[in-house]
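Below is one structure, written out as structure tokens; the observations come after it.
The values are calculated or read from the model by the stated rules, or taken from the named source; none is laboratory data. As the structure is a computational prediction, the values presented were derived from the model and not from experiment. Note that we place each Cβ from the backbone using ideal geometry, even for glycine, and neighbour counts take in every protein chain shown. Quick note on the areas: whole protein, heavy atoms, side chains included, nothing else; ligands and nucleic acids left out. Shrake-Rupley method; radii C 1.70, N 1.55, O 1.52, S 1.80 Å.
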Amino acid sequence: MLLLLLSCNVDENISNTKSIYDYNEEILGEPINIVISESEKVIYEIKSDKLLDSLGNVILLGGVAIEVFDDDGNKTNDIYSKRAIVYSKTDSMSAFGNVKIVSVITGDQLFTEKIILYNTTQSVISRNKVLFINDGDSLQGIGFWSDFDMENWKIEKPIGSITKDEE
């Protein structure tokens, strides 16, 4: 069951939070703070300038910042984009426009135009061109798959070449 709470101020008590369904179809904020949880486990904490309810899905616009958490409540990633959609039936999410993911665990970074986060499989997928920075190395390609921790990942169609100096 999707539990979506909205608080107008980060410092407010949890008892002062409201559900998105307490509002009309559009919510504006500076920023809006949203917590998405399932069975009392926080999945995402999101900040956005604007929230729209569209056929039961939540559309976030303007400076979207998403924190992703694992099943143990540990933060795994920070995601930044221009807009995002939370699919209320699955708790999955898509992020669009100048997407940047930073792994809290490894420090790796991914840059692309669109990603999808699948909550049920805890995976991150992009079918677009990507730039992935891993241990200081830059890798480019089309298509990307990773777990939420970004410890296991794969670029589907690498672009470019890697040259190693021989000693």
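When the surface is traced with a 1.4 Å probe over the full set of protein chains, SER103 keeps roughly 0 Å² accessible. Computed with a 1.4 Å probe over protein heavy atoms only, the accessible area of MET93 comes to about 0 Å². The residues ILE159, ILE101, sorted by heavy-atom accessible surface at 1.4 Å with ligands and nucleic acids left out, run ILE159, ILE101 from largest to smallest.
Backbone phi angles across region 134-146, fed through the Karplus curve with coefficients 6.51, -1.76 and 1.60 (θ = phi - 60°), yield HN-Hα couplings of 10, 6, x, 8, 9, 10, 10, x, 10, x, 8, 10, 7 Hz in residue order; Gly and Pro are listed as x. Local charge for THR120 was computed over the other residues whose Cβ lies under 15 Å away, with Lys and Arg +1 and Asp and Glu -1, and equals -3. Between SER138 and GLU40, the contour length at 0.36 nm per residue exceeds the alpha carbon distance by 31.5 nm. Report the Stokes-Einstein translational diffusion coefficient (µm² s⁻¹, integer) for region 60-167, Rh taken as the Kirkwood radius over Cα pairs, at 4 °C with viscosity 1.567 mPa s. Answer from the Stokes-Einstein relation: 91 µm²/s. Remark: region 71-127 is approximated by an ellipsoid whose semi-axes, taken from the C-alpha gyration tensor as √(5λ), come to 17, 16, 9 Å, largest first.
Figure note: TYR80, TYR118 ranked by solvent-accessible area, largest first, 1.4 Å probe, ligands and nucleic acids not counted: TYR80, TYR118. Checking the cross-link pairs LYS41/LYS129; LYS50/LYS75; LYS47/LYS89 against a 30 Å limit on the alpha carbon distance flags LYS41/LYS129 as lying beyond it.
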